[in-house]
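S.K.: Before anything else, here's the structure in question.
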Amino acid sequence: MKKLMILAAACGVLTALPAAAQFQKPEDAVKYRKASFTVMGTHFARIGAMAQGRVPFDGAAAAANADIVVTLSKLPFAGFVEGTGGTEKGMPNAKVWSEKAKFDAAGKKMQDEVVKLAAAAKTNNLDQLKSAFGAAAGTCKACHDDFRNQ
Ligand code: HEC
């Protein structure tokens with residue numbers, strides 16, 4: 001067991017520790033959450049382009065993108081280390097930490113909706129994809145409206 005823990009520490013796999021302890025510096029946490037949102041947003045937008053008819057519908061591509069979104073949707077939250085909010089436009093506001101239960105619930109809602117999006121993508125039915133995309137996009141907007149500086 002001890003050996004395993006040393007191994008885990010050496011690999012940086014310290015998942016049992018609080019989020020702050022997983023990053024060397026607060027800036028690393030900020031970079032990490034932004035990077036995960038950026039990659040998630042990129043793949044989400046590719047599905048959106050199909051849902052909105054800007055690119056031809058391709059069920060397999062939608063499903064592949066949705067699987068990436070599902071995985072990425074789990075990542076940003078470890079990066080919300082206390083004290084890393086800001087006042088600039090687009091930055092997390094103080095409510096992320098003062099209303100943490102609400103923030104976490106908004107994150108969970110997104111995670112649930114993108115799982116439904118992935119299921120919808122796998123039906124290869126554009127109407128189902130459109131409706132699941134709309135529901136998932138609503139969870140992005142709701143959280144951004146509440147928890148990012150406008
Ligand atoms: C639970 C709240 C929450 C949800 C849900 C959420 N976001 Fe965000 N998002 C944020 C916050 C807070 C920031 C600002 C992060 C920062 O600047 O450190 C952000 C930033 C971003 C960014 C900008 C990243 C950067 O480099 O500055 C993108 C892109 C993004 N989100 C996309 C999405 C998409 C797409 C969804 C839905 C599939 C989504 N977000 C859902 C809270 C959320």
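S.K.: Quick one: which residues, 5+ away or cross-chain, put their amide H under 5 Å from the amide H of Met91? H built at 1.01 Å from N.
M.R.: Excluding prolines and chain starts, which carry no amide H, the hits are Asn149.
S.K.: If each of Asp67 and Trp97 carries a label point 7 Å out from its Cα toward its Cβ, how far apart are those two points in nm?
M.R.: For the pair Asp67/Trp97, the computed spacing is 3.8 nm.
S.K.: Please report the Cα spread of the chain along all three principal axes, rounded to whole Å, starting with the longest.
M.R.: Between the extreme Cα coordinates on each principal axis of the chain lie 49, 41, 23 Å.
S.K.: Also, quick follow-up: Suppose each label sits 7 Å from its Cα in the direction of the beta carbon; what would the Lys25-Asp58 distance come out to in nanometres?
M.R.: 4.0 nm
S.K.: Quick one: which of Lys25/Lys116; Lys89/Lys116; Lys102/Lys122; Lys95/Lys130; Lys31/Lys108; Lys108/Lys130 span more than 27 angstrom between C-alpha atoms? The partial results should precede the final answer.
M.R.: Numbers: Lys25/Lys116 35 Å; Lys89/Lys116 31 Å; Lys102/Lys122 31 Å; Lys95/Lys130 31 Å; Lys31/Lys108 21 Å; Lys108/Lys130 21 Å.
Pairs exceeding 27 Å: Lys25/Lys116; Lys89/Lys116; Lys102/Lys122; Lys95/Lys130.
S.K.: With a cap of 14 neighbouring Cβ atoms within 10 Å, and only residues DSSP puts in a loop, list the trypsin sites (Lys or Arg not before Pro) found in the stretch 25-72.
M.R.: Working: sites: Lys31, Arg33, Lys34, Arg46, Arg54; in loops: Arg54.
Passing sites in the stretch 25-72 are Arg54.
S.K.: If you roll a 1.4 Å probe over the heavy atoms of the protein chains, what accessible area per residue do you get for the stretch 60-150, in Å²?
M.R.: Averaged over the residues of the stretch 60-150, the accessible area is 52 Å².
S.K.: Another question, if that's okay. Starting from the Cα of Ala35, step 7 Å along the direction of its Cβ; do the same at Ala49; then give the gap between the two resulting points in nm.
M.R.: 2.4 nm
S.K.: Same structure, new question: Could you please tell me the mean projected area of the C-alpha convex hull for the stretch 71-150, averaged over all directions and given in square nanometres to one decimal? All intermediate terms of the calculation are to be shown ahead of the outcome.
M.R.: Numbers: hull surface 21.5 nm².
Reported value for the Cα convex hull: 5.4 nm².
S.K.: With r as the distance between the Cβ atoms of Thr87 and Val115 and R0 = 30 Å, compute the FRET efficiency 1/(1 + (r/R0)^6) and round to 0.05.
M.R.: My answer for the efficiency is 0.35.
S.K.: I would also like to ask the following. Once each part is reduced to its C-alpha centroid, what is the distance from the stretch 99-150 to the stretch 28-81 in angstrom?
M.R.: One Cα centre to the other: 11 Å.
S.K.: If we sort 129-138, 98-107 on the protection proxy, mean other Cβ atoms within 10 Å, highest first, what's the order? Each step should come with its number before you reach the end.
M.R.: On the way: 129-138: 19.4, 98-107: 14.0.
In decreasing order of mean packing, 129-138, 98-107 become 129-138, 98-107.
The values are calculated or read from the model by the stated rules, or taken from the named source; none is laboratory data. Predicted model only: the values in this text are computed from it and were never measured. Positions of Cβ are generated from backbone atoms using ideal geometry, with glycine treated the same way; all protein chains shown enter the neighbour counts. When the accessible area is computed, the model is the full protein with side chains, heavy atoms only, and any ligands, DNA or RNA have been set aside. Shrake-Rupley method; radii C 1.70, N 1.55, O 1.52, S 1.80 Å.
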